[in-house]
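Each remark here refers to the structure printed beneath this line.
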Amino acid sequence: MIYAVRHSTKYSYEAPVSASYGQLHMLPREAPGQLCRRAEVHVSPTPEVYRERIDFFGNRVSHFVLQEPHTELAISAASVVEVDDRSGAVSLFGERSWESVRDAVADHQVDYQISQYVLDSPLVEAAEQYLDYARDCFGPGAGLLAAVSALSTRIHQDFAYTPGATSVSTPLAEVFERREGVCQDLAHLGIACLRALGLPARYVSGYLETLAPPGQPKLTGVDGSHAWLSVYMPDAGWIDVDPTNDQLVNGRYVVTAVGRDYSDVPPMQGVIYTEGKTEALEVKVDVTPIDPDG
């Protein structure tokens, strides 16, 4: 599939903002099964400084500095991305037992860029309660892919997807107790369970195809940026799973960034200088198939 992706964000302020400093994770990254044909960011008013870089995790990051007074800030990221059906590429390595993957990590058979994802991160602590929650899905000798899929199903069934139920500051322990949250909460929970088992797991941010193809259900989370998780398997690489929709990630997903958790890859973060407050925030995301010959 080839998609035209547009992510638009508009802030309105009750009093003039004298300066804005922003960092964005809105541009699709290069990844197995994904090719970004073109991408660009527009900021209005026009910033005095705009630059892009590749961060520690391999993500494309945009920075801008706007130092003229403004009462509105509009940011739009537009891209054209080619995506393969990644779920069809999961190989027989999925039959490898989860214990063998855990042991390979514990014995330092993977490099630090993988093993870092077993450690706690700012928003995800591999506490005992998450280990207990995951145990039934990870029986002795169970294949890693089957076990992770079972965990995804359990999270999907036990936790209600409830927009607005949490914020980025809601602790994972509270989400676990309340049994509801949004996509980043469900991703964080899956990551906490996998790390508690000694398995490398990372956070993935991106987008979903806006309109479902004929005969397929509309995915949950299409109205904004989405989040899911990846688990690492030696020899096969990262396998992406979406507990919000309880499925392996396929050709209807576009990846923008990966990290230890949400705090590494928010779509937008920054600082403004003003005596007022944000009056309104409008966010719109469209992921639309396009004709490759058009």
If you go through region 135-179 one residue at a time, how many are of a type in the set (A, V, I, L, M), farther than 13 Å from Asp246 by Cα, within 21 Å of the chain's Cα centre (by Cα) and surrounded by fewer than 19 Cβ atoms within 10 Å (Cβ to Cβ)? 3
Report, by residue number, each residue of region 102-124 that is surrounded by fewer than 16 Cβ atoms within 10 Å (Cβ to Cβ), modelled with pLDDT under 95 and in a loop (DSSP other than H, G, I, E, B). Asp107, His108, Gln109, Asp111
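Just checking, which of Glu128, Glu99 is buried (at least 16 other Cβ atoms within 10 Å of the Cβ) and either among the charged types (D, E, K, R) or not assigned by TED's automatic domain parsing to the domain that holds Leu199 (or both)? Lay out the reasoning, then the answer.
Values: Glu128 fails: buried (at least 16 other Cβ atoms within 10 Å of the Cβ).
None of the others qualify; the one that does is Glu99.
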If we keep only residues of region 80-101 that are outside any strand (DSSP E or B) and small (Gly, Ala, Ser), then the residue modelled with the highest pLDDT is Ser100
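Listed residues Glu14, Glu52, Glu40, Glu48; which is in contact (Cβ under 8 Å) with a residue 60 or more places away in the chain, over 19 Å from the mean Cα position of the chain (by Cα) and assigned by TED's automatic domain parsing to the domain that holds Glu282? Before you say what the answer is, go through the steps one by one.
On the way: Glu52 fails: in contact (Cβ under 8 Å) with a residue 60 or more places away in the chain; Glu40 fails: in contact (Cβ under 8 Å) with a residue 60 or more places away in the chain; Glu48 fails: in contact (Cβ under 8 Å) with a residue 60 or more places away in the chain.
One residue alone meets the criteria, Glu14.
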So the check is Cβ under 6 Å with 6+ separation or different chains; which pairs have a first residue in region 196-224 that's free of Cβ contacts under 8 Å to residues at least 40 places away in the same chain and a second one that's in a loop (DSSP other than H, G, I, E, B) and small (Gly, Ala, Ser)? Lys218/Ala212
Let me spell it out: the conditions are (1) exposed (fewer than 14 other Cβ atoms within 10 Å of the Cβ); (2) touching a residue at least 24 places away in the same chain (Cβ under 8 Å); (3) assigned by TED's automatic domain parsing to the domain that holds Leu151, and Asp246 meets all of them except one. Which number is the exception? (1)
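Being under 21 Å from Val265 (Cα atoms) and in contact with a strand residue (DSSP E or B) (Cβ under 9 Å, 6 or more places away or on another chain), is that true of even one residue in region 99-114?
Restricting attention to region 99-114, the residues satisfying the condition of being under 21 Å from Val265 (Cα atoms) are 112-114.
Next, from what is left, pick out any that are in contact with a strand residue (DSSP E or B) (Cβ under 9 Å, 6 or more places away or on another chain): 114.
Yes.
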For the list (1) surrounded by fewer than 24 Cβ atoms within 10 Å (Cβ to Cβ); (2) assigned to a loop (DSSP other than H, G, I, E, B); (3) in contact with a strand residue (DSSP E or B) (Cβ under 9 Å, 6 or more places away or on another chain), I need the number of the one condition that Trp238 fails. (2)
Going residue by residue through region 271-287, is there one that turns out to be surrounded by fewer than 18 Cβ atoms within 10 Å (Cβ to Cβ) and under 14 Å from Tyr3 (Cβ atoms)? yes
Among the residues of region 40-51, is any modelled with pLDDT of 95 or more and within 30 Å of Met233 (Cα to Cα)? no
Within region 208-218, how many residues are at pLDDT 90 or above and not in a strand (DSSP E or B)? 1
Return yes or no: is Ala77 of a type in the set (Gly, Ala, Ser), part of a helix (DSSP H, G or I) and surrounded by 14 or more Cβ atoms within 10 Å (Cβ to Cβ)? no
Check on Ala4, within 19 Å of the chain's Cα centre (by Cα) and surrounded by 17 or more Cβ atoms within 10 Å (Cβ to Cβ): no
Return yes when Asp185 is free of Cβ contacts under 8 Å to residues at least 40 places away in the same chain, of a type in the set (D, E, K, R) and buried (at least 17 other Cβ atoms within 10 Å of the Cβ) and no when it is not. yes
How do the strands (runs of 3 or more DSSP E) wholly within region 243-294 filter down when requiring 1 or more residues that are hydroxyl-bearing (Ser, Thr, Tyr) and under 12 Å from Ser205 (Cβ atoms): which remain? 253-259
Quick one: is Glu68 in a loop (DSSP other than H, G, I, E, B), surrounded by fewer than 16 Cβ atoms within 10 Å (Cβ to Cβ) and of a type outside the set (Val, Ile, Thr)? yes
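The values are calculated or read from the model by the stated rules, or taken from the named source; none is laboratory data. No experiment lies behind these values; they were computed from the predicted model shown. When we count neighbours, we look across all protein chains shown, and the Cβ atoms used for this are built from the backbone with ideal geometry, even at glycine.
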